[in-house]
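*Asks:* To start, I am sharing the structure in question, which I have written as structure tokens.
The values are calculated or read from the model by the stated rules, or taken from the named source; none is laboratory data. Everything quoted here is computed from the prediction, not taken from an experiment. FYI the Cβ positions are ideal-geometry reconstructions off the backbone, even for glycines, and counts take in every protein chain you see.
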Amino acid sequence: MNRTRLLSSTLATLAVMESERSRVNNPPRHRHTDVSVMTGDGVRLAVRDYGTRVARHTVVLLHGLCVSDEVWSLQLDHLLGRDDGDIRVITYDHRGHGRSDRAAAESYRIERLAGDLADILEALEVVGPTTLVGHSMGGMVALAYLARSESDRPVDPHGLVLVTTAAGKLAERGLGRLLATPGAGALLGLINHIPKQALEALVGPVCSTLGKIFPAQRVMLAKVAEAAATTPVPTAAGFVPALREFDQHPSLPDIGANTVVVSGGADPLTPETHARELADAIPGAVHVHLPGAGHMLPSEAPDTVNDAIRRAMLPDGAARSRHRGSAAGSGPRTGICVESVTTRAGFTPARMGA
């Protein structure tokens, strides 16, 4: 990557870390119940509960850093638009994001977010088959939740979908390497003291220019530009140390959920290497790779993400038996990598059958 591209990508990453968030003023299109859940350390989380508690399957959607649960709008349309009460969907805003309360900076840790997830599952009395779907930092939250002791997990998920995320090593790859530079902490401290209005004025023009230079990142940059008014900068900056130190690689072989990992070849934040490591380490995981896609796959490639959720929800073994090279019933479970088909109109769901 040449210096010009690295500089431009660096600016984009800083913009993502400081102000990437999706719109929270659009009312949801599906009937739901708004619930406030108080966490164990006294932070109020804004939760939306779609469907009924007698649904046959529950899907919990976990958003990434500095966005909100609005990022899942196309997945909600898919899950709730095709079933008559069969699926319950739960979305919520992480602490410091969207409609949820801010919290103490020291609580902005991935492990604390995993505790928040446990509090929500318990408060909403989630039982039965459940699938966790995490994008970016949300995927890390799902991994941290699965690493908790059995007594600290109210629900053991049946399915797991990890979208453009990582189990750690963020400071070693892609633009995440910036987290390891000596001046990163000082820069974030400086950003934290820049007036909010000045940051908002900067984000739009920078993202517009970068979108012209790097077309593959237009969706991600558009999210940055349109989100410049909701998540406080201290929230974005507060999570950076946690992302730099996050590492759940040791716990991956213990995951028993039906797992689908989805990655984008043009993702500068969580490069494909992270996804390959996840798929290799999680027993039976399937890796779906979109060569031309970026980081914001829930909106960039919704059909592929929707398909991944459906496959993770299948009965045990069914998802794996439908993939090329899968051997049901014997030998160790291994990860499978399947690339999607791209068309001029966009991305189509990955072909996972013979």
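*Asks:* When both residues are 6+ apart or on different chains and their Cβ atoms are under 7 Å apart, which pairs have a first residue that lies in segment 110-124 and is more than 14 Å from Asp152 (Cβ to Cβ), and a second that is among the β-branched types (Val, Ile, Thr) and assigned to a helix (DSSP H, G or I)?
*Replies:* Ile110/Val141
*Asks:* From Asp77, Asp93, Asp69, which residue is surrounded by fewer than 18 Cβ atoms within 10 Å (Cβ to Cβ) and more than 17 Å from Arg153 (Cβ to Cβ)?
*Replies:* Selected residue: Asp77, the only one of Asp77, Asp93, Asp69 that is surrounded by fewer than 18 Cβ atoms within 10 Å (Cβ to Cβ) and more than 17 Å from Arg153 (Cβ to Cβ).
*Asks:* Right, another one. Quickly run through segment 129-166 and pick out the residues that are polar (S, T, N, Q) and either assigned to a helix (DSSP H, G or I) or in contact with a helix residue (DSSP H, G or I) (Cβ under 9 Å, 6 or more places away or on another chain) (or both).
*Replies:* Across segment 129-166, the qualifying residues are Thr130, Thr131, Ser151, Thr164, Thr165.
*Asks:* State whether one or more residues within segment 254-268 are part of a loop (DSSP other than H, G, I, E, B), under 16 Å from the mean Cα position of the chain (by Cα) and buried (at least 22 other Cβ atoms within 10 Å of the Cβ).
*Replies:* yes
*Asks:* If you go through segment 96-126, how many residues are surrounded by 21 or more Cβ atoms within 10 Å (Cβ to Cβ), closer than 16 Å to Met137 by Cα and among the hydroxyl-bearing types (Ser, Thr, Tyr)?
*Replies:* Qualifying residue count for the region: 1.
*Asks:* While we're on this one: How many residues, within segment 91-109, are outside any loop (DSSP other than H, G, I, E, B), within 22 Å of Gly168 (Cβ to Cβ) and either among the aromatic types (Phe, Trp, Tyr) or without any contact (Cβ under 8 Å) to a residue 60 or more places away in the chain (or both)?
*Replies:* Total satisfying the criteria: 1.
*Asks:* Determine which single condition Ile90 fails, assuming it passes every other condition in (1) at pLDDT below 95; (2) touching a Phe, Trp or Tyr at 6+ places or on another chain (Cβ under 8 Å); (3) of a type in the set (Val, Ile, Thr).
*Replies:* (1)
*Asks:* Where residues in segment 127-140 are within 19 Å of Glu245 (Cα to Cα) and aliphatic (A, V, I, L, M), which of them is surrounded by the fewest Cβ atoms within 10 Å (Cβ to Cβ)?
*Replies:* Result: Met137.
*Asks:* OK, next. Specify the residue that is surrounded by the fewest Cβ atoms within 10 Å (Cβ to Cβ); the eligible residues are those in segment 38-66 that are of a type in the set (Val, Ile, Thr) and touching a residue at least 40 places away in the same chain (Cβ under 8 Å).
*Replies:* Checking each candidate, the answer is Val43.
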